[in-house]
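What follows is a short report on a single structure.
The values are calculated or read from the model by the stated rules, or taken from the named source; none is laboratory data. As the structure is a prediction and not an experimental result, all values here were calculated from the model. Glycine gets a Cβ as well: all are built from the backbone with ideal geometry, and neighbour counts include every protein chain shown. Accessible surface areas use protein heavy atoms only, side chains included; no ligands, DNA or RNA. Shrake-Rupley method; radii C 1.70, N 1.55, O 1.52, S 1.80 Å.
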Amino acid sequence: GPYDVVCALASALPPLDREDLPRALAEMTSLLSPDGLLIASLRDYDALMETRPQAEVPRVFHTPEGRRIVFQTWDWRHDGQGYVVNQYIVQHQADSMVADTMIFSTQYWCITRQTLTQALHDVGLGNVKWIEPTDSGFYQPIVAARRE
């Protein structure tokens with residue numbers, strides 16, 4: 001560094017513990033140039049905490065090795081503030097009825113817009129702007145904040 005832009009996209013922030021989020025944001029901010037921009041994206045947890053979905057729609061990929069099916073299940077905490085995400089990858093071997101399944105699990109914390117906006121201000125970032133998927137074309141909400 002210093003860098004003009006630092007990005008934390010997709011699933012970079014939700015696996016952090018509550019006490020780790022401010023430290024991670026402070027570290028990212030320390031890498032920014034004086035007028036640098038931090039860009040982050042995450043799921044719309046404000047909406048998801050209300051509906052608490054239990055799974056995502058499976059995605060199917062056709063590869064030379066065969067068909068791969070990828071999906072997630074979500075086991076919500078009782079307080080609704082987070083969940084265990086279980087990532088399933090089912091690989092069907094080409095021309096065979098054999099399939100291998102891998103499961104990867106981790107805990108996610110539901111970071112609301114208010115929580116992230118406040119955490120960005122706390123580490124010295126300002127001019128916080130949220131950009132919706134309909135405006136950005138990206139599949140998740142994006143937040144941008146500038147070093148002050």
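Things worth noting here:
- Residue order for HIS121, HIS78, HIS62 - accessible surface, 1.4 angstrom probe, largest first: HIS78, HIS62, HIS121
- GluC sites (Glu not before Pro) within the range 1-103: DSSP coil, no more than 16 neighbouring Cβ in 10 Å: GLU19, GLU56, GLU65
- Axis of helix 20-30 versus longest Cα principal axis of the chain: the two differ by about 60°, to the nearest ten degrees.
- Note on ASP4: accessible area is roughly 110 Å² with a 1.4 Å probe, heavy atoms of protein only.
- Positive-end residue of SER41, GLY124, TYR3, charge dipole of the chain with Cβ unit charges: SER41
- Heavy atoms of THR115 accessible to a 1.4 Å probe, total area in Å² rounded to 10: 50
- Two-decimal Rg/Rh across the range 45-107, once Rg and the Kirkwood Rh are taken from alpha-carbon atoms: 1.12
- Candidates LEU25, LEU120, LEU48: whichever shows maximal mean-square fluctuation once the chain is modelled as a Gaussian network with Cα springs under 10 Å: LEU48
- Cα-based convex hull, the range 41-148, per residue volume (Å³, whole number): 139
- For ILE103, ILE89, the ranking by accessible surface with the largest value first comes to ILE103, ILE89, using a 1.4 Å probe.
- Positive contributions from Lys and Arg (+1) and negative ones from Asp and Glu (-1), summed over other residues with Cβ under 13 Å from the Cβ of ILE39, come out at +2.
- Relative contact order for the chain, counting Cα pairs under 8 Å that sit 6 or more residues apart, in percent: 26
- Of VAL85, VAL123, VAL98, the one that fluctuates the most in a GNM where the chain has Cα springs shorter than 10 Å: VAL98
- Most fluctuating residue given options ALA40, ALA26, ALA99, as computed from a GNM of the chain linking Cα atoms under 10 Å: ALA99
- Cα gyration tensor shape of the range 26-76, rounded if a/c is under 1.5, else prolate or oblate by comparing a/b with b/c: oblate
- Between GLU50 and LYS129, residue separation times 0.36 nm minus the direct Cα-Cα distance comes to 26.1 nm.
- Within the chain: Cβ-based charge dipole about Cα centre, in debye rounded to nearest 20 (Lys, Arg +1; Asp, Glu -1): 120
- Angle of helix 113-122 to the longest C-alpha principal axis of the chain, folded into 0 to 90 degrees and rounded to 10: 40°.
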